[in-house]
Amino acid sequence: MRDQGLIFVGLLVFLGLITFPVSYNLIAGKTSKPLELQLPAVEKQCVAPIDYMKTSHMKLLFQWRDDRVRRDIRTYAAYDGKSYAISFTGTCLTKCHTSKADFCDRCHNYMGIQTPNCTDCHIDPKLIQRSGE
Amino acid sequence: MIISRKRFLQVTGVSLLVAAGEKLMGAFSGVVPSEAPAPALTARRWAMVVDLPKCYRKEGCIKCIEACHAAHNVPKFIDHALEVKWIWKDSFENVFPSQENHYLAATFKDKPALAFCNHCDNPPCVRVCPTQATWKREDGIVMMDWHRCIGCRYCMAACPYGSRSFNWTNPRSNIAKLDPDFPTRTKGVVEKCTFCEERLGKGKLPACVEACPEKAMAFGDLDDSHSQVRELLGSRYSIRRKPELGTQPEIFYLV
Amino acid sequence: MFMFEKALVGGRRYWIWILCLLAVIGLGFLAYLRQLSYGLAITGMSRDVTWGIYIAQFTFMVGVAASAVMVVLPYYLHNYKAFGKVTILGEFLAISAVTMCMLFIFVDMGQPTRVFNVLLYPTPSSLMFWDMISLAGYLLLNAVIALVTLSAERKEIAPPTWIKPVILLSIPWAVSIHTVTAFLYSGLPGRSFWLSAILAPRFLASAFAAGPALLILLCMLIRKLTRYDVGREAIQKLALIVTYAMITNVFLLLTEVFTTFYSRLPEHMAHFQYLFVGLNGHAALVPWMWTSAILALASLALLIVPGTRNSHRILPLTCGIVFLSLWIDKGLALIVGGFIPSPLGAVTEYAPTLPEISITLAIWAIGFLMVTVFYKITLSVREGFAS
């Protein structure tokens, strides 16, 4: 085989490229980092059970969205009997999850799923704080 | 104890039903927000009456516009092409082209008139929206769903009054002060006055109505024969914008 | 897939043409990425003129797409054999034109990622919903027809009998796509420039002039570049169709002018005034309109006189000016003119920006690329038999 050297070099390059995602994370020290979520300071109970929220928070948010915007329903009766105002900024963000970067983004980045663009419109309370409210 | 997810959701669902049932029976136990919310304002047909002579008493006043745009995070663009406005002033002749009159009384000639969404009873914008991102509520408000809007701007072409604005670019950088009680919109969606439906739910009148120093704007239920709007319409002559189009606008102007 | 390999064989001229098209598409794509990130503020549209060149091009190309019916109807419904070599070219032109239409709508949307909302939340009262249905259906119809007939031809067998009703369906469907597009505009109570029953017939008339004119030009180009000749009779018949369609179009335009200016309704006159003489000192479109009008009249003269219509030296020029005149009228003036003056009487002028033009040219290039590839495949199949 005349091209033996070329073929082996090509194979090595291929191996390097194909294992790049793994090797990059190893070298940059991005793996084996435990997920740290900044949990809410005061409230211990979410509007729905934690396990449910972990799997289906978007389902709840979509229901909230359509209830509030399209059906003019303003309150949500939670599983524990409490009543919450249906407001992403007012209830979710202001009361509990005050930092998108330290809560939502942490889990989403870990899973490699882009955080939905809710905060493009729904105001992150941190923005108000920064402008000196 | 280990239970399956399905069982857990079943339990949650039943609990929710029980909780809702309790609420229905008036047994309200739980977190109450800092102040007890005022009962929501409801109506069968919301309408507004603008008293133009009262409005003219304060020349150059734009308190209604400022209040509305502040309460709803409406961006301010200097470039007329990119303008976003929910309520504005234009000349009487431009707002009421159907009242074409070379000899218009001095009371109105060259005077401004308020223009905003008419919340028509027969809205062309609702007819043409391909995704029902704008629709007419049962209480008469022509509402917007900014999650669903695809930004086709067909509603803007359909509106005979130029009431709608489009976010040609990201509005955030052009908002002086963010009001946390109302979301902003994103680029690529159409927006307009929504009769402050978020305030109505908290028992408050629209921002413009509250802000007017001359109390020139009246807001109420047309189906309630004793409402302020009905009394005003019953006692004084009123005009509407382009009534010949059959859109049945619900903004009445007293002259 | 679909004899695509036939499009990969070509001479130097062919590949230079393809590369130029790809370059234009690439530039336009970059401009579109910019539009996606910055927003539609990158275009010349404004709060008053909310539809510009994108929707105008869509309106014009729907007409070109619908015009395929002018070759399909005589050939399949009336057995007009002379169109035997040109029908499939018309169908491929229709496929390319419909694709361009859908692309123009897509680049005009403020939130393109939400485009499927139109199907998820169907709204029968909205003409835009029906437009999506009819355009998608027409694309599917023509794609199936072209694929089946060309495949059968290549295998030298008759096409399956079930294709005949499909072809017949495409005839009224072609009329429907342009009627639905006209209805987008002609049902809006606040836009007096468009609020006319004659808009739909006028759309069809101008479509049946512009489409076949383009088809004639393409056939003459093919005749020059290859040995494929659709035949003199086919070209002449197409030219006759363009003639009658153009006469109808100009006549319908003049009826609009009469109704507007005899009734002297101010709101109706204002749009024509802006376009042809200017309004409140704004007159950006005036030279365009008079060019379109003069070209239209010149084209009528050249089309009606049999001597010039039958001359294959003059006919390409005639088709060119028909196309250009109608492109200005429908692909620019109609949409922009409907928005000026605004419902409150304001005159906000519109001119497309460089990124907007770049994206527009890219979509045109995609259309040309599709036509090139389809025609290359078709000619390879047909010339394969000739040689």
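Here, each number is a calculation from the coordinates, and none is a lab measurement. Just so it is clear, the structure is predicted and the values come from calculations on it, not from any experiment. Ideal geometry is used to build each Cβ from the backbone, glycine not excepted, and the neighbour counts take in all protein chains shown.
Annotations for the structure displayed:
- Of A:Tyr84, A:Tyr52, A:Tyr24, the one that fluctuates the most in a GNM where chain A has Cα springs shorter than 10 Å: A:Tyr24
- Distances between placed amide hydrogens fall under 5 Å for B:Ala113 paired with B:Asp90, B:Ser91, B:Phe92, all partners being 5 or more residues away or on another chain.
- In sequence order, region B:163-168 has phi-based couplings of 7, 9, 10, 10, 8, 5 Hz under the Karplus curve 6.51 cos²θ - 1.76 cosθ + 1.60, θ = phi - 60°, and Gly or Pro positions carry x.
- Residue by residue, region C:250-265 carries 3J(HN,Hα) couplings of 5, 4, 5, 4, 5, 5, 4, 4, 4, 4, 5, 8, 7, 6, 6, 6 Hz when phi is fed to the Karplus relation 6.51 cos²θ - 1.76 cosθ + 1.60 (θ = phi - 60°); x denotes Gly or Pro.
- Neighbouring partner chain Cβ atoms per residue of B:102-115, average, 10 Å criterion: 0
- For region A:98-121, backbone nitrogen atoms closer than 15 Å to the point 7 Å from A:Met58 Cα along Cα-to-C-beta are found at A:104-105, A:107-119.
- Comparing C:Leu139, C:Leu253, C:Leu215 in a Gaussian network model of chain C (Cα springs below 10 Å), the most mobile by mean-square fluctuation is C:Leu253.
- Reachable lysines, given that their alpha-carbon falls under 29 Å from the alpha-carbon of C:Lys155 and they are not under 8 places away in the same chain: C:Lys6, C:Lys81, C:Lys85, C:Lys164, C:Lys224, C:Lys376
- For region B:46-254, the fraction of alpha-carbon pairs in successive 5 Å shells from zero, as %: 1, 7, 14, 20, 21, 18, 12, 5, 2, 0
- Label-point separation, C:Leu33 to C:Ala298 (7 Å along Cα→Cβ), nm: 4.2
- In plain terms, the residue of B:Val128, C:Val250, C:Val62, B:Val190 with the fewest other Cβ atoms within 10 Å comes first and the most crowded comes last, giving C:Val250, B:Val128, B:Val190, C:Val62.
- Helix axis angle, A:50-71 relative to chain A longest principal axis, alpha carbon, degrees: 60
- Placing +1 on the Cβ of every Lys and Arg and -1 on the Cβ of every Asp and Glu, with no other charges, gives the protein assembly as shown a dipole of roughly 1380 debye about its Cα centre.
- Going from the residue with the fewest nearby Cβ atoms within 10 Å to the one with the most, C:Phe208, B:Phe8, C:Phe116, C:Phe276 rank C:Phe116, B:Phe8, C:Phe276, C:Phe208.
- For chain B, modelled as a GNM whose springs connect Cα atoms under 10 angstrom apart, the maximal fluctuation among B:Phe116, B:Phe182, B:Phe92 occurs at B:Phe182.
- Peptide C:343-350 shows a mean partner chain C-beta count of 5 within 10 Å per residue C-beta.
- Comparing region B:69-150 with the 2.2 N^0.38 Å rule of thumb, its C-alpha radius of gyration ratio is 1.38 (two decimals).
- Value of [θ]222 nm, deg cm²/dmol, for the protein assembly as shown, DSSP H segments ≥ 4, -39500 (n - 2.57) each, nearest 500: -16500 deg cm²/dmol
- Dipole of region C:51-187, positive end: most advanced residue of C:Gln111, C:Leu139, C:Ile88 [Cβ charges, Cα centre]: C:Ile88
- By the Cβ distance rule (another cysteine Cβ under 4.7 Å), the unpaired cysteines of chain B are B:Cys55, B:Cys61, B:Cys68, B:Cys120, B:Cys129, B:Cys149, B:Cys152, B:Cys159, B:Cys196, B:Cys212.
- Take each peptide in C:197-206, B:70-79, B:235-244, count the other Cβ atoms within 10 Å of every residue, and average; sorted highest first, the result is C:197-206, B:70-79, B:235-244.
- Dipole magnitude of region C:4-386, debye to nearest 20 (Cβ charges: Lys/Arg +1, Asp/Glu -1, about Cα centre): 1000
- The mean count of C-beta atoms from other chains within 10 Å of the C-beta of residues in C:74-86, rounded to a whole number, is 0.
- The antiparallel fraction among DSSP beta bridges confined to the protein assembly as shown stands at about 85%.
- Evaluated with a Cβ-only charge set (Lys, Arg +1; Asp, Glu -1), region B:144-238 carries a dipole of roughly 480 debye about its Cα centre, given to the nearest 20.
- Per residue Cα convex hull volume in Å³ - calculated over the protein assembly as shown: 241
- Using θ = phi - 60° and Karplus 6.51 cos²θ - 1.76 cosθ + 1.60, couplings along region B:102-114 (whole Hz; Gly, Pro as x): 5, 10, 4, 4, 4, 4, 10, 4, 6, 9, x, 9, 7
- Sorting C:Ile340, C:Ile247, B:Ile65 from the fewest to the most surrounding beta carbons within 10 angstrom yields C:Ile247, B:Ile65, C:Ile340.
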